[in-house]
1. If you plug each phi of region 153-163 into the Karplus form 6.51 cos²θ - 1.76 cosθ + 1.60 with θ = phi - 60°, what whole-Hz ³J(HN,Hα) values come out, in order, with x for Gly and Pro?
2. Under 18 Å from a point 7 Å along the Cα-to-Cβ line of residue 52: which residues of region 78-111 have their amide N that close?
3. Restricting attention to region 30-69, which GluC sites (Glu not before Pro) occupy a DSSP loop and are surrounded by at most 13 other Cβ atoms within 10 Å?
4. Hey, with R₀ at 41 Å, roughly what FRET efficiency would residue 160 and residue 42 work out to, going by the Cβ-Cβ distance, to 0.05?
5. I want to check the label-to-label distance for residue 103 and residue 68. Put each point 7 Å from Cα in the C-beta direction and report it in nm to one decimal.
Amino acid sequence: MASLGFSDPDKREPLHDLACEYLAEPIQAQRLVRLACSVQEDALIHTNSRLEVAISKGEGQYRTTIGFMDLCIEWKTNNRKGKVIVETKIHPIAVGDILRQINLYRGYVWSPTPVDAENFRDRLRKIQLSGGLPEGMDEGASWVLASAFNLDAGQTDLLNREGVRSIHLGDGFTKWFERRQQRPAPKSEEF
């Protein structure tokens, strides 16, 4: 990715991995789905979270990995399904770099553009009013930036215009991290 003009300063940061682990927990994953996909508060959401999911292009000997999704949450309710893809940043980075990375990934993961997404949501509402989604219909991917640093209003607006929701890893993450640090480590088998 560095050859494309951006690199990820968090790729060797243990706190980055812990933030992804925290967001992958079922209660946090469900909160992210509700935020990113406008799922009703009373809807039962089933989630499956995966960390560091490879994004590849090409087939066979021409297959190349172009990057990794920090967190991919596959979700479904009784009549909807989709993905929430979370890009996690611990250290401050330019929003332009974040958007370049996400837009590169969007080229390989089905997700509507912000305009397409709004048109899709309108069509989705009409379909839901008529009795639900056709079997197997997928809403595609919604994108979230989870940052350990504060974004200003202009940065948040820019991300929103580009179809990326933003969340701040605040007190909930800090408390989770502190509780995790206090747990005794399980004994590993010695060889």
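1. After applying 6.51 cos²θ - 1.76 cosθ + 1.60, I find 4, x, 5, 5, 4, 4, 4, 4, 4, 8, x Hz.
2. Only 86-91 fall inside the zone, counting backbone N under 18 Å.
3. The qualifying sites are 41, 59.
4. E between residue 160 and residue 42, to the nearest 0.05, is 0.95.
5. It works out to 2.5 nm between the two label points.
Every number here is computed from the coordinates shown, using simple stated rules; none is lab data. None of these values were measured; they are calculated from a predicted model. Cβ atoms come from the backbone with ideal geometry, glycine included; neighbour counts cover every protein chain shown.
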